[in-house]
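Colleague: Following this message is one structure expressed as structure tokens.
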Amino acid sequence: MTPRRNSDSNIPEPTQNGMGNDDLRQYEIDGWRVGYAVQIQGIGFVPVGNARRVGDDEDGNLSPFVSDEDSDDCGYAGYQSIPSGPDNEEETLNGEIDETGEQEQEANGEIEENETKPDGAVVQTDEKPAELHKKDIELNDEKVSIIRQAMGGLNLPPPPGKMSKLNSSGLKRPSNDFVDIEMARREHWESNTGSEIGRLVVNPPEKGKASQVSFISKPSTQNQPSSSGSSSSASASKSIPEEHTFIIHDLANQTMAVLVEDKTVLKEDYNIATGNLAVEGKIVKRAECRPLANQNYMKMKVDQMLRNTKPKQQVIKLDRAENKFKPKSVHEEDLARLKQKKEGAKTVRADRDVLMNALFKAFEKHQYYRLQDLQMLTNQPANYVKEILQMIAVYNSAPPHKSMWELKPEYRNYTLTRIRSMVKHAVEKKTALGRLGKITQWGVKQLEHATPSCMMYTRAGHIPHLTWDVAEKWLDLKQTPIYQFPIQSIFESREIIKKYNKGLPSFCGMPKDASVHLCVLDPLIENNSGYNETTCIAFWLGDGAGKRTINAQNYRNLVNISGCDSFDTLVDYDIPRDSTQKKFSKAMDRKQCFTMQMFEQDAEVKGSALISLGGGPNAYFRRRCAVDNGLKERCEGFSLELHDYFYGNEIDKVELKKILEETFAPLPPSKIRFAPGPFDPSMVFFLVQQGIDLFDSTFAIKMAEEAKAFKLVDDYPHSDAFDLVDFHEAKYTDKMTPLFDGCPCYACQNYTRAYLHHLTNTKEMLGMILLTIHNLTEYQKMFELIRQKISNEPEL
Ligand SMILES: [Zn+2]
């Protein structure tokens, strides 16, 4: 009794029992309920030699067997012997059946009849059903005992070949609802090899009834845990009913065959898959194995039904309402604020830029705000918020947005979240002696700064020799300063500044809200010739600290981490007077490259750019440089590279005039023109006349560091001469007069030349401090005088 299923059968699917695919579980509970196909063929008595072997059908198609006529069968007798006859051979359906009957024997030992029934095997044919009925075999005791014997000795090795598919799936039920009892029992059978696992009881058919076949498993075997380790079968064994009846059906609309591995050329026990299937026989009856409907089984079924009807989710009635709160995300800022509140800290004023950015961000979302809301939003003091608001927003005093703030029209279209960094400079008056102008914004900071004027040179974030305290107390700055910050002093610390993340001015402790201009070259440090490369320029750190190089990308990064309001762009300063045209040209190309790289598309550059304009002493290349670089969109002003004309050099003013003319000719006149470097009062006035607006204070520092104090002549700038006191000279040793009569500065008010001479010659720090204070005061006074002079000039 080895029903087999063609693994890729074309057997029509019987209706599903609706239990879904939870095959295993279902099977554990209910495995025996479902029908299975059984091959009866083998248990008959047909001479082996006459048994037919159906020719291999390569794709396992069983189409040759049409079983329509099976439906005519009635009164099926459980085990029949079908005599084979010559007619059967003639009736082969498509002639593919070959006659090598012996081979059937070898084909598969599982076809039990082969060895046990020498009289022959049954080959059910479709023809002559009537004859079959006539030839029903009476099952007498002898035959039954033979069957029993055969069944008892059943040993079912895993089927080789294609059948192993079924085998490997263990107890998994085939997709078909017919469950192979043999498969189900295999484990038991295998683990009980050689011993009895149960008994098949075949009752001869009674009148008008089909024969009764039932299977009673042996309790001892059933309860044995499965040796194959299948947990499902172990748990199933408890509930598996012991007794089953077979309900025999006709195969009405199906064709099923028994397939075996074709091992024609092999020995039978070779467990080798040949891949060939032989049709061993045909299934003519289907027997459904069902457990007896006894109490145990019914109880099991009831349990199962109850289990299945239990809903997976249940509605539970609650006695009282539950308090569930809407989840709310806690943002970092809120946490920080809470913490701050807890610690009792006062609201700390944020950086002006930070607050401004926050306000701009807020206005991106809504057009109108009440001050109170903005104050809450930014978590800043109301006064402070209002102060900033007054700069960037307008207050509506009339409906429909009464009492609300709205961005000033010029800021409304900014997609940037921060106020646009720019240098706002207006030329107010243009005369033959130069031009008067006013800076109203530097970077993101508003200020009032009249030009011509100078930036305040710093070194490492300080006015050299002055602490910020001293500077604040003793240095009288008439205008809001713009600090010039050469990168040399912080170049080695750029990683730290990046980590610090609040920008260079803050890192150096510069005054809050100071306007800071970053520049590449320190006018007071001399750079040697011949070190600039194609992609980077060389600069010296000063004080013997050596040379460094920087390319556009690194400089951009530095600018971005510096947090400065503005910056100079890179320029190839190294074009000696005697350079060839080629060298000039190369330097120009390089400069253009720097500018391009600096403002590469998508590259963010924070701050306003003052485009450095070079070209050495050559007027043509000066103009070319201006044209190539000065018209950039990002250009907020110009920084002129004039180191050839710094204080101390021999200066050809005609040449300088020419190159400045050429430089400015193609450029928009309104933009600010900055000429960093130490220029003495005479040069400054000359440069102002050429149209320079902004200088730096390096001359004053340079003088102080050389132990010199300078004083403008009384009619400056009418006469551009100046007095110079060099404290290295011995003649000042006993001069008990003030440094300079009439100078309001702290040094001149409090100290004599003799004392200053003493300080500088003993290299006391105070000497430098006092000289710096005086020189800076005088230098600023110089610009005041120049502005005065220009304002009295007729406009051009
Ligand atoms: Zn003074």
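Values quoted throughout were computed directly from the atomic coordinates according to the rules given, and no laboratory measurement underlies them. Only a predicted model underlies this, so the values are computations on that prediction, with no experimental measurement involved. With ideal geometry, Cβ positions are generated from the backbone for all residues, glycine too; neighbour counts draw on all protein chains shown.
Colleague: Quick check: pseudo-label points 7 Å beyond the Cα along Cα→Cβ at Thr480 and Thr535, how many nm apart are they?
Modeller: The modelled label-to-label distance comes out at 4.1 nm.
Colleague: With a Förster radius of 51 Å, plug the Cβ-Cβ distance of Asp714 and Asn323 into 1/(1 + (r/R0)^6) and report the FRET value to the nearest 0.05.
Modeller: After rounding, the FRET efficiency stands at 0.05.
Colleague: A further question on this structure: Could you work out the relative contact order of the stretch 457-510? I mean the mean sequence separation of Cα pairs under 8 Å and 6+ apart, divided by the number of residues, in percent.
Modeller: 49 percent
Colleague: While we're on this one: In what sequence, highest mean first, do 667-680, 395-408 appear when ranked by Cβ atoms within 10 angstrom?
Modeller: 667-680, 395-408
Colleague: Give me the number: length gained by fully extending Leu306 to Ala545, i.e. 0.36 nm times residue separation minus the C-alpha to C-alpha distance, one decimal in nm.
Modeller: Taking Leu306 through Ala545 to full extension adds about 77.1 nm, to one decimal.
Colleague: Provide the gained length on full extension for the span Ala432 to His728, in nm with one decimal, where the gain is 0.36 nm per separating residue minus the Cα-Cα distance.
Modeller: Extra length available between Ala432 and His728 comes to 102.6 nm.
Colleague: Next up: Between Ala754 and Leu371, what's the calculated FRET efficiency when r is the beta-carbon distance and R0 is 51 Å? Round to 0.05.
Modeller: About 0.25, to the nearest 0.05.
Colleague: One-quarter of the Cα convex hull surface for the stretch 656-796, in nm²?
Modeller: Convex hull of Cα atoms, orientation-averaged projection: 9.3 nm².
Colleague: Taking R0 as 51 Å, what's the FRET efficiency between Ala382 and Asn649 from their Cβ-Cβ distance, rounded to 0.05?
Modeller: For R0 = 51 Å, the calculated efficiency reads 0.35.
Colleague: OK, next. So what's the net charge close to Glu729: Lys and Arg +1, Asp and Glu -1, counting the other residues with Cβ under 14 Å from its Cβ?
Modeller: Spelling it out: positives minus negatives among the neighbours equals 0.
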